[in-house]
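Each value in this text was obtained by applying a stated rule to the coordinates, not by laboratory testing. This one's a predicted model, so the numbers in the text were calculated from it and none came from an experiment. Ideal geometry is used to build each Cβ from the backbone, glycine not excepted, and the neighbour counts take in all protein chains shown.
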Amino acid sequence: MNGYFITFEGSEGCGKTTQIEALAKALEAQGKTVLITREPGGTLIGEKIRNLLQDPSHKNDISDMTELLLFSASRAELITSRIQPALARGEIVICDRFYDSTFVYQGLGRAIDMNIVEQLNQITVGTLKPDLTILLDLDAKIGIERAKSRQSGELDRIENESLAFFEAVRNGYLELAKKEPERFKTIDGLLSVDAIKKIIWDTVVNQF
Ligand code: T5A
């Protein structure tokens, strides 16, 4: 594989989508071929799984273990059918969330045994690893407010979790970033859209 794999992470409403679109545009302007994708989703089956996972009417229908397995199934499909082929063609892949989301949301948020999360990750992802992970760090309360305003007040199944859940998610991300400083670039999500855009561009442009 000779492409380049970038993932974006952070808690709800931290600004990933906004920044991913801007980065892809800037890279394409330089003649790069970019694949933007997302988790859960990014494939026919993955998008169906996404709908199941986010539907607020399934609030009481999905156990924690089922949730973990559904996120993993979506990831397995995405890696095999889109990410690996694009990297093999030498493209830049930008993925909105990847396995770090599972570690913090299911491992810490849902308190599923981390050994199980790790084993499943090993099965699903194998040796594939992002070259760069952009973490947009944002206060959980502000993130939920942003998500609410974006979706005209409608929150999905996971966004309806408690503030304590999202604080655990945020802290979990910061811990992951501390453990792998060579992979993570952590950026203050309170900065303006343009300021974040510039930090990301300065980081990415140095990789090629
Ligand atoms: N999940 C996912 C798991 O539990 N386990 C897993 O393994 C995986 C892969 C995925 C959900 O699934 C969970 C996590 C999530 O709950 P998602 O689509 O990634 O869903 O969900 P969100 O993180 O909620 O994505 P959002 O689209 O809501 O937020 P974004 O993309 O982070 O933010 P964005 O860019 O849409 O911005 C939100 C709002 O804020 C504004 C934007 O204009 C927009 O209105 N904004 C800013 N405002 C001020 N300053 C800035 N710097 C701003 N940047 C953006």
Cut-off 14 Å between beta-carbons: net charge of the residues surrounding Glu91, Lys and Arg +1, Asp and Glu -1: +1
Determine ³J(HN,Hα), in whole Hz, for all residues of region 10-17 in sequence, where each value follows from phi through the Karplus function 6.51 cos²θ - 1.76 cosθ + 1.60 and θ = phi - 60°; x replaces Gly and Pro. x, 7, 3, x, 6, x, 4, 4
Listed by chain and number, the residues whose amide H is under 5 Å from that of Phe184, excluding neighbours fewer than 5 places away on the same chain and using placed H, are Thr133
Once you keep just the Cα pairs under 8 angstrom separated by 6 or more residues, what percentage relative contact order results for region 38-94? 39
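For the chain, what does the relative contact order come out to in percent, with C-alpha contacts under 8 Å and a separation of six or more? Each step should come with its number before you reach the end.
Values: 312 pairs, mean separation 69.1, N = 208.
Worked out over the chain, it gives 33 percent.
Determine the calculated [θ] at 222 nm for the chain from helices alone, applying -39500 (n - 2.57) to every DSSP H run no shorter than 4 residues and normalising by the residue count; nearest 500 deg cm²/dmol.
Details: 8 runs with 98 residues, N = 208.
My calculation for the chain gives -14500 deg cm²/dmol from helical runs alone.
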For Ser101, Ser57, Ser81, order by how many other beta-carbon atoms lie within 10 Å, fewest first: Ser57, Ser81, Ser101
The relative contact order of region 76-196, taking Cα pairs under 8 Å that sit 6 or more residues apart, comes to a percentage of 31
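Using a Förster distance of 45 angstrom, determine the FRET efficiency expected from the C-beta separation of Ser63 and Asp202, and round it to 0.05.
Working: r = 43 Å, r/R0 = 0.96.
Calculated value: 0.55.
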Pull up all non-local amide H partners of Thr37: gap of 5 or more, or a different chain, and H-to-H distance under 5 Å with H placed in the peptide plane. Ile94, Cys95, Asp96
Sorting Leu52, Gly15, Ala29 by the position of each Cα along the dipole of region 6-89 (Lys, Arg +1; Asp, Glu -1; all at Cβ), the one nearest the positive end of that ordering is Ala29
